[in-house]
Amino acid sequence: MTKLEKFTSMMEAYLGRNGFDTELASDISTTSRNTGTGVSLCSSSMRVIDMDRFARQGYRKIILPVSETEDDSINTADAFIINRNNEWYFVEFKDAKLGNSKQSILKKAYSNLYAVLDVLYEMKKEKEAYPDFPYEDPIHFIQEHVTYILVFSGAKNPLDAEQMLNYIKIRKKYLPIFMKRLQGYIYKEAYAVTEDEFEKNFLTHFYYA
């Protein structure tokens, strides 16, 4: 069982204990799909945890039982991935202009951690803990092993795409100004890439086991 599979199993068990039979295993193509157009930003079948599904189809009712609409859901990134070295990645796909989404992107960066930590400690109490997590020092783990990636449409954000390429030329990752507060202070890394760059330099070098 890979680390991602173990984590997926724990999160599904958490939902199940609270009365929600929800499958969280998904893929990049599904989680990067623009709900308005039905078109996926990335076509990869790489396995991930669907964080939107987690938030909307169970978690919101657990933390807010009176909720009657998915609009009450906390803001989460689209996908969550864990590699063979237990490095964690929250991935947000944005098939739109970034200028209209900056605050939403930042909210998701914070809410991700709240939700995941909530599940981790609740399941630890239930003796169904994810085994590869230092429960005694979560902040240090997050700052050393958790990354937030914003994958954006290069066509809809040409200036950001150009900036990203300039950073690549000097062997750096593109960190938009509005995301700078995330790196170091909260996450190990935070950066933004186009969908093409994400597929070429992240997905092709990712290993589960």
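Structure above, values below:
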item: Tail weight of P(r) past 19 Å, computed on alpha-carbon pairs of segment 50-157, percent; result: 51 percent
item: The chain: Cα Rg divided by the 2.2 N^0.38 Å rule of thumb; result: 1.00
item: Segment 73-133 - Rg over Rh from alpha carbon coordinates, Kirkwood radius; result: 1.06
item: Amide proton proximity set for R33, modelled H, under 5 Å, gap of 5+; result: L41
item: Beta bridges per DSSP with both ends in the chain, % antiparallel, nearest 5; result: 40 percent
item: Segment 136-209 - Rg over Rh from alpha carbon coordinates, Kirkwood radius; result: 1.01
item: Kirkwood-based shape ratio for segment 16-96, expressed as Rg/Rh from alpha carbons; result: 0.99
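Values quoted throughout were computed directly from the atomic coordinates according to the rules given, and no laboratory measurement underlies them. Bear in mind the structure is a predicted one, so any value in this text is a computation, not a measurement.
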